[in-house]
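K.L.:
Take this structure first; my questions come after.
The values are calculated or read from the model by the stated rules, or taken from the named source; none is laboratory data. Bear in mind that the values here come from a model prediction, so they are computed numbers and not experimental data. FYI the Cβ positions are ideal-geometry reconstructions off the backbone, even for glycines, and counts take in every protein chain you see.
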Amino acid sequence: MDHILKERDRLLQRTARVYGLSFAVVATLCLVMPGAVTPATYLPFVPLLVALLVAQYRVGLSRSYLWVFIEVASVLGIVATITVLNPDGLTPAALSSIAQFTAASLPSVALVLSTDRVRLTVLVLVFVVVAAVTTWLTADSRSPLMTVGLLVLGWSIAAVVGIWISAGVPQAARRIASIGRAHRAERQASEIEAQRRQSARLLHDTVLATLTLLAHSGVGVAPAALQQQSADDAKLLRQLRLGATPTPLSSGGYNLEPVEETVLGTTLESVKQRFGRMGLEVAWHGTGQVLLPSDVLDAFLLALAECLENVRRHSGVREAHVTIVDDATTVRAMITDAGVGFILDDVDSARLGFKESVVARLKEVGGHARLFSEPGSGTTVVLEVPR
Amino acid sequence: MSFPPASENTLGLLAEVRASRSLVGGARRLVRPENPHRASLGTAFIGIGASLVCGIRAIYGFSWFVGYWPDYPNPVPALAAWILLIVVLATAFVTSSIVGDRLPDWMFALFLGLIAAVIVLDVVAIWDLHDVGRYATASLTAAMALLLVITLRRPSEILISIGAIGVGLLAVMLVNTRLTPENAASQVTSLAFAVLPVVIGVIIVRGFRSMVQVELDRVLVQSTVSAPRFAVGMLASEELARLDLAAEELLDSVATGRIALPLRPKTASVAASLATELRLHLIEGRRETWLYHAITESELLGRSVTLTDKGSLAGLLDANQRDGLLAAVWLLVNDHAKKTTVRTVQVSVGPIVATTPVALTHKLKVPVVITTTGVQRNRVDPSTWDAIRRVGRYSDSSQNASLRVEIECFVDNPADL
């Protein structure tokens with residue numbers, strides 16, 4: 001709220017500046033009409049006008065009362081100059097000019113004097129002084145009633161503008177604040193929804209696997225099987241869309257059974273057998289029995305399987321070693337092969353698979369992965385997850 | 001079902017997504033001109049104020065008209081002008097509160113036509129008096145009647161209309177009135193009173209709108225303060241949902257045989273790009289912090305703030321520190337009277353400084369450095385320092401004649417949580 005109030009004051013100040021300056025220019029135009037006033041009038045008029053213009057410009061930047069008072073003083077000075085130096089009666093042009101200065105240009109200060117009670121009080125005082133002095137000074141040339149009427153008109157318009165903006169801004173600010181609250185709720189909902197969809201990791205694994213098959217036009221897979229798989233995956237996605245969090249049981253050759261708190265050993269054995277069937281011998285070392293929460297185990301196994309898949313595809317050897325060690329806080333797997341290896345920099349940029357399947361997956365459960373490799377000397381991946 | 005053209009590869013699709021993000025972000029959605037919410041954000045109220053001003057002016061003009069009544073050679077056109085004007089003012093006032101945000105083109109045209117008619121009638125009535133500046137009453141109020149629709153049409157349209165009216169009145173004055181020192185001032189005054197209020201009104205409405213937009217932008221961005229350490233942007237879930245739906249449709253089509261196997265290359269490439277996009281979205285998002293989202297989602301901050309936060313350490317700041325940092329950056333960018341000078345702010349967070357001896361509270365020390373351009377140190381608003389103080393202990397200096405602040409920010413160690 002404070003912030004917008006400050007902005008409001010700036011808006012009022014800028015408006016007051018334009019308001020005041022533009023009518024001051026018009027008033028000056030009236031006064032420089034040939035024969036408007038005696039030439040002697042211009043001598044004191046010019047410095048007073050300069051003071052007025054400077055003060056009106058400064059009002060646009062500063063909230064200080066000083067510039068307001070300088071404005072009032074210079075306008076009253078101008079009125080006094082015109083009336084005193086034209087003792088034979090004022091011409092219509094001079095009267096117009098006085099009217100513009102006192103009832104159009106000077107009331108611009110009402111815009112900056114309308115924001116709180118103290119300022120409103122000052123505004124009333126300023127108006128009373130200006131009205132009294134102007135009416136008294138011009139009483140000879142114009143009926144006091146008309147002068148006062150003109151002043152009331154000019155000052156009330158400016159005051160209405162100022163008060164209206166002052167009152168409108170807090171109103172707008174309240175509405176904006178309620179939009180802000182709605183937006184915060186929307187952001188939280190968006191966050192939760194994204195989380196729900198992102199955590200449907202198993203589902204996306206099977207969908208991605210199927211999409212990848214489709215990306216290769218489905219070549220090499222029985223059309224009936226692919227159609228069946230597509231139907232299953234579409235159903236899972238529909239369930240996700242409708243609000244459920246489906247947990248797929250299988251995708252292609254995978255078998256991803258949901259696990260609550262599962263012993264790592266037995267599951268590792270199934271991974272080993274699966275890779276055995278595909279032609280990669282996996283040798284296990286170290287701890288066989290570790291209990292892990294199901295989401296951590298999921299991430300750990302999927303990352304592990306992904307690493308072994310990489311070994312199977314790219315290393316050129318048919319054997320991999322997996323060493324599992326655990327301590328009080330972490331479970332660590334080291335996947336080693338004696339294959340061709342590769343240059344690390346190539347992988348980071350080119351192989352999204354590692355980043356996405358391994359790093360991101362582990363990161364989500366608080367773990368991480370490190371990769372060591374060099375062409376010709378094999379590859380070692382270290383996976384760590386918290387217990 | 002339909003697929004995007006096959007020529008669009010994954011990167012093309014992503015580029016499109018990025019581009020659309022900048023268009024449909026929260027703040028922009030609410031402040032686009034065609035949006036019906038805008039008028040409700042205070043401009044309708046300002047419009048009523050403008051009508052009030054116009055009303056005061058009308059009463060003033062009418063009292064002059066009554067005063068001049070004996071002078072008119074034929075007062076009927078002048079009276080007709082006033083009756084028409086009052087009808088137009090009343091109708092426009094009622095209509096403007098009904099139509100809401102924008103006056104339809106035909107209504108605006110009708111409004112301008114009626115105003116022109118009022119001016120013509122008034123000018124006809126005073127033609128033989130040969131002093132337009134003095135005797136014009138309804139026509140001057142009619143020019144100011146544009147204030148009634150000032151919030152309902154674009155500023156340029158209002159300015160063009162008032163410009164045309166001003167030029168028209170000036171032409172009538174020059175043709176009709178022989179300028180003498182006696183009457184020249186009243187011509188100038190009348191013209192100024194007809195034109196200037198509308199111009200000033202346009203300036204106010206424009207300023208008010210931009211103020212509301214900036215505030216809206218700030219409030220929307222403020223919601224990032226309560227985000228978790230790593231957050232997804234506002235549209236992440238929307239995009240993910242879109243991809244999921246596209247995948248679902250594709251898979252469904254394959255399953256039901258609507259798309260024959262093996263796939264045509266075009267469809268296969270769609271599947272490939274979907275898979276890649278889906279992969280990217282599953283890993284993307286969670287590594288960006290609230291501060292990143294705040295800056296990218298904000299129109300104001302996005303333009304002038306750059307963030308360096310390699311370790312995503314901004315996410316560790318607590319809600320109070322975040323609030324302070326956001327407020328400070330906001331004030332540095334926005335809080336100055338001259339909106340013409342360009343200010344930029346660079347925020348760099350981290351790296352973590354090893355504290356020796358290890359602080360008892362086990363807090364991590366994250367240095368936050370704010371460097372700026374175009375921000376003079378002595379021109380910084382005092383509330384900026386209050387905001388910075390909420391982030392941590394700071395020291396400030398000048399670099400290239402612009403402010404530089406270094407903040408020592410202590411945050412909870414995520415390992416302890």
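K.L.:
Can you find a residue in the stretch A:230-239 that is in contact with a Phe, Trp or Tyr (Cβ under 8 Å, 6 or more places away or on another chain) and assigned to a helix (DSSP H, G or I)?
P.N.:
Among the residues of the stretch A:230-239, not one is in contact with a Phe, Trp or Tyr (Cβ under 8 Å, 6 or more places away or on another chain) and assigned to a helix (DSSP H, G or I), which makes the answer no.
K.L.:
Scanning the stretch B:150-172 for residues that are more than 14 Å from chain A (Cβ to nearest Cβ) and in contact (Cβ under 8 Å) with a residue 60 or more places away in the chain, which turns out farthest from B:Val99 (Cα to Cα)?
P.N.:
Among those residues, the one meeting the criterion is B:Arg154.
K.L.:
Find all pairs meeting these conditions: Cβ atoms under 8 angstrom apart; at least six residues apart or on different chains; first residue within the stretch A:192-216 and within 17 Å of B:Ala227 (Cβ to Cβ); second residue among the polar types (S, T, N, Q).
P.N.:
If the second residue must be among the polar types (S, T, N, Q), the pairs left are A:Glu193/B:Ser237; A:Ala194/B:Ser237; A:Arg196/A:Thr245.
K.L.:
Report yes if some residue within the stretch A:119-139 is within 14 Å of chain B (Cβ to nearest Cβ) and either under 17 Å from A:Arg8 (Cβ atoms) or assigned to a helix (DSSP H, G or I) (or both); otherwise report no.
P.N.:
no
K.L.:
Give the stretch A:159-183 a look and list any residue that's free of Cβ contacts under 8 Å to residues at least 24 places away in the same chain and more than 9 Å from chain B (Cβ to nearest Cβ), or say none.
P.N.:
Within the stretch A:159-183, A:Arg174, A:Ser178, A:Ala182 meet the criteria.
K.L.:
If you don't mind, another one. Among the residues of the stretch B:173-200, which ones are in a helix (DSSP H, G or I), more than 18 Å from B:Ala125 (Cβ to Cβ) and facing chain A (nearest Cβ under 7 Å)?
P.N.:
Hits for the stretch B:173-200 are B:Ala184, B:Ala185, B:Val188, B:Thr189, B:Ala192, B:Leu196, B:Ile200.
K.L.:
Just for the stretch B:266-275: of the residues that are of a type outside the set (S, T, N, Q) and more than 7 Å from every other protein chain (Cβ to nearest Cβ), which one is farthest from the chain's Cα centre (by Cα)?
P.N.:
That would be B:Lys266.
K.L.:
Do we find that B:Ser139 is closer than 19 Å to B:Met107 by Cβ, assigned to a helix (DSSP H, G or I) and of a type in the set (S, T, N, Q) in this structure?
P.N.:
no
K.L.:
Being hydroxyl-bearing (Ser, Thr, Tyr), surrounded by 19 or more Cβ atoms within 10 Å (Cβ to Cβ) and either within 24 Å of A:Asp9 (Cβ to Cβ) or within 7 Å of chain A (Cβ to nearest Cβ) (or both) is the requirement here; does B:Thr289 meet it?
P.N.:
It is false that B:Thr289 is hydroxyl-bearing (Ser, Thr, Tyr), surrounded by 19 or more Cβ atoms within 10 Å (Cβ to Cβ) and either within 24 Å of A:Asp9 (Cβ to Cβ) or within 7 Å of chain A (Cβ to nearest Cβ) (or both).
K.L.:
Find the helices (runs of 4 or more DSSP H) located wholly in the stretch A:1-96 whose residues include 2 or more that are of a type in the set (Asp, Glu), and list them.
P.N.:
Helices (runs of 4 or more DSSP H) meeting the threshold: A:2-31.
K.L.:
I'd like to check something: does the stretch B:74-94 contain any residue that is assigned to a helix (DSSP H, G or I), in the same structural domain as B:Val175 (by TED's automatic domain parsing) and within 16 Å of B:Gly166 (Cα to Cα)?
P.N.:
Within the stretch B:74-94, not a single residue is assigned to a helix (DSSP H, G or I), in the same structural domain as B:Val175 (by TED's automatic domain parsing) and within 16 Å of B:Gly166 (Cα to Cα).
K.L.:
Looking only at the stretch A:292-308, which residues are assigned to a strand (DSSP E or B) and more than 39 Å from the chain's Cα centre (by Cα)?
P.N.:
A:Leu292
K.L.:
Quick check on my filter: what residues within the stretch B:312-323 are within 14 Å of chain A (Cβ to nearest Cβ) and over 24 Å from the mean Cα position of the chain (by Cα)?
P.N.:
Passing the criteria: B:Ser312, B:Gly315, B:Ala319, B:Arg322.
K.L.:
Tell me yes or no: at least one residue of the stretch A:3-11 is surrounded by fewer than 18 Cβ atoms within 10 Å (Cβ to Cβ) and closer than 27 Å to A:Ser141 by Cβ.
P.N.:
For the stretch A:3-11, residues surrounded by fewer than 18 Cβ atoms within 10 Å (Cβ to Cβ) and closer than 27 Å to A:Ser141 by Cβ: absent.
K.L.:
Still on this structure: What number of residues in the stretch B:153-177 are out of contact with any Lys or Arg (no Cβ under 9 Å at 6 or more places or on another chain), among the small types (Gly, Ala, Ser) and closer than 14 Å to B:Val199 by Cβ?
P.N.:
4
K.L.:
Are there helices (runs of 4 or more DSSP H) fully within the stretch B:260-309 with at least 1 residues that are touching a residue at least 12 places away in the same chain (Cβ under 8 Å), farther than 24 Å from B:Ser210 by Cα and not aliphatic (A, V, I, L, M)? List them.
P.N.:
Qualifying helices (runs of 4 or more DSSP H): B:265-283, B:290-297.
K.L.:
Let me ask you something else. I'd like to check something: does the stretch A:184-197 contain any residue that is over 21 Å from the mean Cα position of the chain (by Cα), surrounded by 19 or more Cβ atoms within 10 Å (Cβ to Cβ) and more than 8 Å from chain B (Cβ to nearest Cβ)?
P.N.:
No.
K.L.:
Tally time: how many residues in the stretch B:382-407 are surrounded by 13 or more Cβ atoms within 10 Å (Cβ to Cβ) and assigned to a helix (DSSP H, G or I)?
P.N.:
Adding up the residues that qualify gives 9.
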